[in-house]
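Everything below concerns the one structure shown next.
The values are calculated or read from the model by the stated rules, or taken from the named source; none is laboratory data. Keep in mind that what you see is a predicted model, and the values were worked out from it rather than measured. Cβ placement follows ideal geometry from the backbone for every residue including glycine, while neighbour counts extend to all protein chains displayed. Side chains are part of the model used for accessible areas, which takes the heavy atoms of the whole protein and leaves out ligands, DNA and RNA. Shrake-Rupley method; radii C 1.70, N 1.55, O 1.52, S 1.80 Å.
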Amino acid sequence: MPIQKKMTLKSIARELGVTHTTVSNAYNNPEKLSPALRERILAYASSHYFHGPDNIGRALRTGKSDAIGVIFNDSLSYVFTDHHDLNLMKGIANACEKKGANIVLIPLKQKDNARINAINAAVDGYILNATFNNDRIIEKALAKGLPIVTTDFAIPHHSSVSIDNASAMQQICLHLLEKGHRRIGIISFPSRQGRRGMSALSAPLGGDNTLMLTRVNACKTTLAAHGIDLAMCRLFETEHDEQHGALAAQALLRDSPAITALICLSDRFALGAVQACLGAGLAIPQDIAITGFDNMPLPDSLPGLTTIAQDAEKKGEMAAGLLLEGKKGVHHNLGFALIVREST
């Protein structure tokens, strides 16, 4: 069988007796050609297994790759299992479909060579989804000078989309205070990469996870303003999933049996905490109150979870829209709602 000669825009133009620009227009500017001429070009190209110009070559010529990078904290599989991130990605995908753009996923939790390969992919800009700001991949993304949109935190000179996380946590704390709770534990994702374990809520808090710092500091400020002794409250930083939420709840209650409420920075943490507490024979909310964040669906067999509802899909769609439209320095604050259910 003879080897099929590779077709190019130039070779097609030569065979059909038209210019290189005419063939290019058949794919990129069809309105400039008559329907009959465009169909003739596409039919000939298709019959020779040519289905369009090379995107890499087009990117070199135009400076555009028609793709955006989405950088997020965890592993690649995380984005397909986390309720919030699934909806966030759905919104990003909706906006990209409207613009004909593609998505490159760049997880921070992966091997160095995979991270480097991902950040070197040709994209027109980045969405930073609650990232650890000091990660060298983030620094490399910022150094590229491409448009950037952040979600759930802000950095100077770039656009962002977020709810008011501090106000959301303040509402949760006020709700628990109204219920009479004075000894509180917080289950949180890490303030910096690799950080794990328990500390008094009165301890100084530092790191580069802006979302975590914003939420936990809002709790500290609100509780302290209402006379709560932060030295008697606890913070547990851990990996973000249900299993680690359960382990954190067990550790907090083992260390401080006087705790009567657990504030979880996500519903995934809260689900693990609920299961751990029920497994230990604790009644919810009579013995222990539990709150979450994100309003994800939970099994009907469990108590309804008091949580913060936010529209992650809209957040993703707006973030991608800002990036694809090239808007800089625009900040959108989305609404949220405290949903009170049986767990408190």
Q.
Relative contact order of the stretch 9-53, please, whole-number percent, based on alpha carbon pairs below 8 angstrom and at least 6 residues apart.
A. 35 percent
Q.
Please list 306, 210 from largest to smallest accessible area, probe radius 1.4 Å, with all protein chains kept in place.
A. 210, 306
Q) How far is helix 242-255 tilted, in degrees, relative to the longest principal axis of the Cα atoms in the chain, given as a value from 0 to 90 rounded to the nearest 10? A) 20 degrees
Q: Could you sort 330-338, 16-24, 71-79, 309-317 so that the peptide with the highest average Cβ count within 10 Å comes first and the rest follow in order?
A: 309-317, 71-79, 16-24, 330-338
Q) So what's the gap between the Cα centers of the stretch 238-261 and the stretch 154-183, to the nearest angstrom? A) 21 Å
Q) Counting only protein chains, not ligands or nucleic acids, how are 27, 126 ordered by accessible area (probe 1.4 Å), most first? A) 27, 126
(Q) If I ignore ligands, DNA and RNA and count only protein heavy atoms, how much of residue 82 is accessible to a 1.4 Å probe, in Å² to the nearest 10? (A) 10 Å²
Q. Which percent of the accessible heavy-atom area of the chain goes to carbon and sulfur, probe 1.4 angstrom?
A. 52 percent
Q | Computed [θ] at 222 nm, deg cm²/dmol, the chain (DSSP H ≥ 4; -39,500 (n - 2.57); rounded to nearest 500) | A | -12500 deg cm²/dmol
Q | Beta bridges per DSSP with both ends in the chain, % antiparallel, nearest 5 | A | 20 percent
Q. At a probe size of 1.4 Å, how large is the accessible area of residue 298, to the nearest 10 Å²?
A. 40 Å²
Q: On a 0 to 90° scale, report how tilted helix 83-99 is relative to the longest principal axis of the chain, with both axes built from alpha carbons and the result rounded to the nearest 10.
A: 20 degrees
Q) Going by a ≥ b ≥ c, the root eigenvalues of the Cα gyration tensor, does the stretch 9-53 fall in the rounded group (a/c under 1.5), the prolate group (a/b larger than b/c) or the oblate group? A) rounded
Q. Residue farthest toward the positive end of the dipole of the chain, with Cβ of Lys/Arg at +1 and Asp/Glu at -1: which of 170, 293, 18?
A. 18
(Q) Sequence gap at least 6, Cα distance under 8 Å: using those rules, report the relative contact order of the stretch 67-162 to the nearest whole percent. (A) 31 percent
Q) Between residue 342 and residue 90, what is the FRET efficiency for a Förster distance of 45 Å, r being their Cβ-Cβ separation, to the nearest 0.05? A) 0.95
